[in-house]
Amino acid sequence: MRKRTFALTTLVAALALLGGAPTASAGEYDLSFSGGFSLPTGDFKDVLDAETGPQLGVDLHYHISPAIAIGVDLSWMKNKHAGEGETEDLGGGVTLTAEKDRFSTIHYGLHGKYFFSTEGSLDPWLVLGLGFYNLKNDYEYVLDDGVTAVTFTDESDEADGLFEQPGARFGYRLGAGVTYMTSPKMGIGLGFDYNSISMDEDEFGISSAPFMSVLGRITFRLGN
């Protein structure tokens, strides 16, 4: 994480040295739509075996000054388990097949953004966000002894008291990016986030589920 954070900070700092002023004015809103990839790291990758998957999001923030904005954000992502589609031989002619095993996450939260001063149409920024990550493990396994095949799902295991979804977990995100304003009211950009979801280690085997986000963005500036 340290290397990634250092690289992002260096990029934004270099853009900030260009001088000038943020392109937004106090009282304006920025509405952004984003799409890209979520990349599990740490125990989310190593213990839960989550793989890179798609991520979509939308956020709205209000400029209380040209350099500072506060807002709300919503995102969705899906990450497959590394073993999805594989069949494990349990011996004695018994197999276990992972027909489906993936994580879906809906994030909703609040954030603050700081926009650096630059020359021209570039808006480099840093973001700090807090909120909840509704994490769900959606799976379907088939146990086959050659005579009878039994299907186990997250719903059936939860009904039998054998499994509990993580549900809404508190977390935070730190990020950086840059927006190029193609016109006074529209811009395109790229953002990088580090997210950490708080987990119960006794219940789920990990204390946090971290991931990186790499997202392309289109922004519409509203107001004034």
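Would you please name the residue that is surrounded by the most Cβ atoms within 10 Å (Cβ to Cβ), looking only at residues in region 108-123 that are assigned to a strand (DSSP E or B) and modelled with pLDDT under 95? Here the residue is D123.
Scanning region 97-107 for residues that are over 13 Å from Y139 (Cα atoms) and either modelled with pLDDT under 95 or not polar (S, T, N, Q) (or both) returns I106, H107. Residue pairs whose Cβ atoms lie under 9 Å apart, separated by 6 or more positions or on different chains, with the first residue in region 105-125 and in contact (Cβ under 8 Å) with a residue 12 or more places away in the chain and more than 19 Å from I218 (Cα to Cα) and the second among the basic types (K, R) and surrounded by fewer than 22 Cβ atoms within 10 Å (Cβ to Cβ), are T105/K78; T105/K136; I106/K136.
Do the conditions hold for T23, that is, is it among the polar types (S, T, N, Q), at pLDDT below 95, outside any helix (DSSP H, G or I) and in contact with a strand residue (DSSP E or B) (Cβ under 7 Å, 6 or more places away or on another chain)? So T23 passes the test.
Checking G177, G187 one by one, the residue that is under 16 Å from R217 (Cα atoms), touching a Ser or Thr at 6+ places or on another chain (Cβ under 7 Å) and either assigned to a strand (DSSP E or B) or free of Cβ contacts under 8 Å to residues at least 60 places away in the same chain (or both) is G187 and no other. T87 fulfils the conditions (1) touching a Ser or Thr at 6+ places or on another chain (Cβ under 7 Å); (2) modelled with pLDDT of 95 or more; (3) among the hydroxyl-bearing types (S, T, Y) except for a single criterion, (2). Among the numbered conditions (1) hydrophobic (A, V, I, L, M, F, W, C); (2) closer than 24 Å to S32 by Cα; (3) modelled with pLDDT under 95, the only one that A176 does not meet is (3).
The values are calculated or read from the model by the stated rules, or taken from the named source; none is laboratory data. In this text, all values refer to a predicted model and were calculated from it rather than measured experimentally. Backbone-built Cβ (ideal geometry, glycine too); neighbour counts: all protein chains shown.
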